[in-house]
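Step one of this worksheet: look at the structure below.
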2 protein chains.
Amino acid sequence: MTLAERLYPKDKVVLREVGLRDGLQLVQSWPTTAQKNEWLALEHRAGVRHFEVGSFLPAARFPQFADLREMIATVSGLDGAFSAALTLNERGVADALETPVDEIMFVVSATEAHSEANTRRSRTEALEMARRIDAQRRAGRTDPPVLTVGVAMAFGCTLAGEVEPKEVLRMVEGAAEAGADVIAIADTVGWAGPAQVAHLAREARALLGDVPVAMHFHDTRGLALANAAAALGEGVRILDASLAGLGGCPFAPGATGNAVFEDLAFLCRTMGFDTGIDIAALGEARSVLEAAMPNEKVHGALARAGLPEVLTQA
Amino acid sequence: MTLAERLYPKDKVVLREVGLRDGLQLVQSWPTTAQKNEWLALEHRAGVRHFEVGSFLPAARFPQFADLREMIATVSGLDGAFSAALTLNERGVADALETPVDEIMFVVSATEAHSEANTRRSRTEALEMARRIDAQRRAGRTDPPVLTVGVAMAFGCTLAGEVEPKEVLRMVEGAAEAGADVIAIADTVGWAGPAQVAHLAREARALLGDVPVAMHFHDTRGLALANAAAALGEGVRILDASLAGLGGCPFAPGATGNAVFEDLAFLCRTMGFDTGIDIAALGEARSVLEAAMPNEKVHGALARAGLPEVLTQA
């Protein structure tokens, strides 16, 4: 069984905690290393197994990720847990390959405008880089880390406006051809609705065959869970979220952040998917986050309302 | 064309504003009559046409509804607008029939426990009352007000626990046999998930044929919009919501209230449904509500993030 198959068993719903990466992208303050470790341990105890823990970026500019290597080591020590980290180029991948990280994330854009503005690379150049990264991670390794390529701005782009699904699918296909194990489709700015999500999920899955599709939603306009439900309905089995919805949107000040992990876990439960997560136990991890980042806005309906009584016994 | 057909044209998505009824059920303070009138006028200007404006209840115990008759008169004066009011028994219906109200709501429970606890009537007795109310509204009228019968606790009950869909469908069928023009299925306590919603919507629509199904969701656990999307996907065309999500849950202190009207309108737009509502213009009505009820918690992602740029021009 490859590492990719161990990370993402077919048909099992996997919720990826991205709070320590996407959730910390825009914040003014962040948890200490000890607090991050506690957060990870408590979420792991609640059954979470997939943790995206940072970006390989210059620590001088992104001090919130300065302890990324330690986070990867922490996750390695948690039974059955997998770590992921974002890389922006071959240099980041080289750094990642010196760690025991299980999954390398690399992101391309659905639109030319965002690709150029964000990375000064065309979409074609970005896919070429993905191909080089795939070779780089495989070089000399029999079981290299999983390579997940994300397609950003897949449901709308603040620079290019509406995005045609065929543009997204072109990048999805290109990423798979480049060698990615998983293709993640991201509603980076929170424009997606469930009908678009269902359509794109269906088309992407048809295109990719056995290569799993992940989806990444922001709750910017309140539709993260509606979109997650639509994705699950179309067979998507890998979804990103962050505890307490940590993470903002650079294009919508005050907006909610990522899909709320707790609420997404509850959604999965109502739909009959076993994520292995003890939803009530997530509250402890949330308390650590709230104490560590008292100035950050936290989100989530379940944290306010509690589980329905009938589920609290389970 | 009957009044019911004018209120609810086949295949048109209708969003019913229930803030002045369900939104005021639990509050400690409420808008003045003048503020309510302004709220109604501004939402009407934004394209909203369906307003549930109160309950026929003793004004001494429910002073927030003391001006219900005036609200009904206000809605009568708004071009193309329809008013609805909740009635709990024949006495409330008699009161309603003295007004120009367009729609009478009557609620039965999906569970025996809630029916008895809430109204001291069995479910069978409640359906018998619905039948009498149907006769009462028709007596001497060629075009009586629409009778909408709601089925409460349809996705879970804080008294009875989980609720079998067949129990709900029995009440749905009974309500239609009693003469209701519309059957509303309500997730009173916010336990529903989109898979249950889709299932029940499909079954109810199959059972009811031409009698329209409405659905009423609370955002107690963050799934109101996911559930609304599932309902729309199954052909439900009438949905309740309240501006800023006004309205709490008596069984979950601090919980969010009704589905957020603005966000639901945005959801419909992403799904390609024309509700006739100018989403950006709802902001003015929201300002009136916020000024009138400064101590109430308001909700909504769109109010924080704004519409995607590409939609603000439309």
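Just so it is clear, none of the values below were taken in a lab; they were calculated from the coordinates. In this text, all values refer to a predicted model and were calculated from it rather than measured experimentally. All Cβ positions, glycine included, derive from the backbone under ideal geometry; neighbour counts span all protein chains shown.
Per-structure values
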| quantity | calculated |
| --- | --- |
| Number of partner chain Cβ atoms within 10 Å, mean per residue of B:168-178 | 0 |
| For B:Arg16, residues with placed amide H under 5 Å, excluding near neighbours | B:Leu239, B:Asp240, B:Ala241 |
| Residue among B:Val101, B:Val163, B:Val260 with the largest mean-square fluctuation in a Gaussian network model of chain B, springs linking Cα atoms under 10 Å | B:Val163 |
| Peptide A:185-196, shielding by other chains (average Cβ, 10 Å cutoff) | 4 |
| Those lysines that a straight Cα-Cα span of less than 18 Å connects to B:Lys36, excepting residues fewer than 8 apart in one chain | B:Lys297 |
| DSSP beta bridges in chain B [antiparallel fraction, %, rounded to 5] | 5 |
| Copy-to-copy label separations for A:Gly161, where each label sits 7 Å from Cα toward Cβ, in nm and ascending | 5.6 |
| Residue-averaged [θ]222 nm for chain B, counting only DSSP H segments that reach four residues, each worth -39500 (n - 2.57) | -11500 deg cm²/dmol |
| Residues A:Glu309 and B:Leu26, FRET efficiency given R0 of 25 Å [Cβ-Cβ distance, rounded to 0.05] | 0.80 |
| Local electrostatic count at A:Arg6 - Lys and Arg +1, Asp and Glu -1, tallied over other residues with Cβ under 10 Å | -3 |
| Mean-position separation - Cα centroids, region B:10-27 and region B:132-185, in angstrom | 17 |
| The protein assembly as shown, dipole about Cα centre (Lys/Arg Cβ +1, Asp/Glu Cβ -1), debye to the nearest 20 | 20 |
| Relative contact order of region A:15-167, pairs being alpha-carbon contacts under 8 Å that are 6 or more residues apart, as % | 19 |
| Peptide-level mean, for B:256-268, of C-beta atoms on other protein chains within 10 Å | 2 |
| Nearest-to-axis residue of chain A, judged by beta-carbon position, where the axis maps A onto B, in Å | A:Ala226, 2 |
| Burial ordering of A:Trp39, B:Trp191, A:Trp30, fewest other beta-carbon atoms within 10 Å first | A:Trp30, A:Trp39, B:Trp191 |
| Of B:Met271, B:Met293, B:Met105, the one that fluctuates the most in a GNM where chain B has Cα springs shorter than 10 Å | B:Met271 |
| Mean separation of Cα contacts under 8 Å, 6 or more apart, over the residue count of chain A: relative contact order % | 20 |
| For A:Thr148, B:Thr99, A:Thr74, order by how many other beta-carbon atoms lie within 10 Å, fewest first | B:Thr99, A:Thr74, A:Thr148 |
| Label distances, nm, A:Lys10 versus same residue in remaining copies, Cβ-directed 7 Å point | 4.5 |
| DSSP bridge orientation in the protein assembly as shown - percent antiparallel, rounded to nearest 5 | 5 |
| Nearest-first distances (nm) between copies at A:Asn295, label 7 Å from Cα via Cβ | 3.1 |
